[in-house]
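The values are calculated or read from the model by the stated rules, or taken from the named source; none is laboratory data. Everything numeric in this text was worked out from a predicted model, so none of it was measured. Here Cβ is always computed from backbone atoms with ideal geometry, including for glycine, and neighbour counts include all displayed protein chains. Calculation scope for accessible area: heavy atoms of the full protein, side chains included, ligands and nucleic acids excluded. Shrake-Rupley method; radii C 1.70, N 1.55, O 1.52, S 1.80 Å.
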Amino acid sequence: MTLTKDHLIDAISKENGFQKKQSLEIVETLIELIKSSLASGDGVLISGFGKFCVKAKGERKGRNPATGEDMKLADRRVVTFKCSGQLRDKINKSQ
């Protein structure tokens with residue numbers, strides 16, 4: 001099962017005794033902080049969880065699958081994630 005934003009909101013309200021509106025504001029604020037940091041090119045490090053980084057990808061050759069025509073794909077930035085050792089260990093122990 002995938003953990004959704006609604007699941008996070010429910011868990012925060014149950015674990016901490018917050019109202020759902022407060023939990024919603026907490027989750028929304030956290031997501032906005034992460035998005036704005038990544039949009040400005042900064043990384044996001046969450047200790048014990050992992051690090052989100054923004055990496056630049058250069059222009060590259062591509063092909064239109066419908067026509068087979070060669071084309072150049074523009075430069076772009078992508079978000080990468082590297083999990084922490086603690087998270088990696090926890091994932092591997094649960095197998």
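Side notes on the structure shown:
- Nearest-ten-degree value, helix 20-39 long axis tilted from longest Cα axis of the chain: 30
- Within a straight-line Cα-Cα reach of under 23 Å, LYS51 can be paired with the following lysines, leaving aside sequence neighbours fewer than 8 residues apart in one chain: LYS5, LYS35, LYS82, LYS90, LYS93.
- For ARG60, the accessible surface of its heavy atoms amounts to roughly 120 Å² (probe 1.4 Å, protein chains only, rounded to the nearest 10).
- The share of alpha-carbon pairs in the chain lying farther apart than 19 Å comes to 64%.
- Taking a straight line from the alpha carbon of LYS72, these aspartates and glutamates sit under 20 Å away, with near neighbours fewer than eight places off in the same chain left out: GLU59.
- Listed residues GLU28, GLU15, GLU69 arranged by accessible area, highest first, probe 1.4 Å: GLU15, GLU69, GLU28
- Of all aspartates and glutamates in the structure, those lying under 19 Å Cα to Cα from LYS21, and not within fewer than 8 positions of it along the same chain, are ASP6, ASP10, GLU32.
- Probing with 1.4 Å while keeping every protein chain in the model, the per residue accessible area of the chain equals 83 Å².
- For region 48-91, the set of chymotrypsin sites (Phe, Trp or Tyr not before Pro) satisfying both a DSSP loop assignment and a count of at most 15 other C-beta atoms within 10 Å is given as PHE49.
- Heavy-atom surface analysis with a 1.4 Å probe gives the chain a carbon and sulfur content of 54 percent of its accessible area.
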